[in-house]
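Note sheet for the following structure.
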């Protein structure tokens, strides 16, 4: 009997310190204005995490809206993120933070309580600052590229990715992938590149069309040609409406399905597949779904000793 091909995923749960965000990306279905939502307290975070014990959840994704770097509340916001990571670790989980662009000092501190971190590059074309990102100063491509460089300098295992169909040309997609490849050649810290199709939701301000999912195959193939083999290509299966097309994406070169979570906070209109259904779909086509940690094995030695010990408890 032929050996099944492997596709990975992370058994994950998302904690949102705040949905508040000073950016106003026209396609966003996540953010709220100041005062519209309370911040997650440590007590509430503990209660949520305690409910996850013994459920096989490994990764705690700390996903936050952004507080302006010059805001008087920035330190309070950062401490809440740090404390939630520390809390997750104390309960045996492995944190992965994605909270927008951070200062070098903030990244250096979070390295002590995160086994990996992430930031979507989205697209590096500056023209989007005049369209979908015209009210989103932290989507400046130079700022986000700097984050990838700093993560490499700090030896932080990192996830980044593209948001597809927000006004970029095909050539600009390839240029964004090339930029990621060049940074990887310098630092070698990028674990995964997510290829995320823009998927319209009920809350976004711009009723832009969805990215044609059937163009995703070409992007996967091209990304696999450009990116070093050390980078895994990830696709979010809940944003691919046709189950059979998920299989085509894997055949094209995707090898990871990301965090399978109860709710996709960024795309709340698109629920994830039931895990059993996903396993059945994959096995019917010769694939085996395998859980993984939010840090890949080749980066274990990069972690502070206390984080390495936490990872060993999951192996």
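The values are calculated or read from the model by the stated rules, or taken from the named source; none is laboratory data. None of these values were measured; they are calculated from a predicted model. Note that we place each Cβ from the backbone using ideal geometry, even for glycine, and neighbour counts take in every protein chain shown.
Among the residues of region 116-154, write down those that are farther than 19 Å from residue 64 by Cα and within 18 Å of the chain's Cα centre (by Cα).
Within region 116-154, 123, 124, 141, 145, 146, 149, 150, 152 qualify.
Could you check region 88-111 and list, in sequence order, the residues that are over 14 Å from residue 150 (Cβ atoms) and surrounded by fewer than 21 Cβ atoms within 10 Å (Cβ to Cβ)?
Within region 88-111, 89, 90, 91, 92, 98 qualify.
Please find, among 65, 56, 100, 35, the residue that is at pLDDT below 95 and farther than 28 Å from residue 309 by Cβ.
Answer to the selection: 35.
Scan region 13-57 residue by residue and report those that are farther than 30 Å from residue 206 by Cα and outside any loop (DSSP other than H, G, I, E, B).
Within region 13-57, 42, 43, 44, 45, 46, 47, 48, 49, 50 qualify.
Only one of 59, 53, 122 is over 27 Å from residue 301 (Cβ atoms) and crowded, with 21+ Cβ neighbours inside 10 Å; which?
Unique residue meeting the criteria: 122.
The rows are residues; the columns are (1) farther than 22 Å from residue 157 by Cβ; (2) touching a strand residue (DSSP E or B) at 6+ places or on another chain (Cβ under 6 Å).
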residue: 249; (1), (2): yes, no
residue: 255; (1), (2): no, yes
residue: 258; (1), (2): no, yes
residue: 261; (1), (2): no, yes
residue: 268; (1), (2): yes, no
residue: 279; (1), (2): yes, yes
residue: 283; (1), (2): yes, no
residue: 291; (1), (2): no, yes
residue: 295; (1), (2): no, yes
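Mind checking whether some residue in region 157-174 is buried (at least 21 other Cβ atoms within 10 Å of the Cβ), at pLDDT 95 or above, closer than 17 Å to residue 105 by Cα and within 18 Å of the chain's Cα centre (by Cα)?
So far as region 157-174 goes, yes, one or more of its residues are buried (at least 21 other Cβ atoms within 10 Å of the Cβ), at pLDDT 95 or above, closer than 17 Å to residue 105 by Cα and within 18 Å of the chain's Cα centre (by Cα).
Test of understanding: among 151, 181, which residue is in contact (Cβ under 8 Å) with a residue 12 or more places away in the chain, assigned to a helix (DSSP H, G or I) and buried (at least 19 other Cβ atoms within 10 Å of the Cβ)?
151
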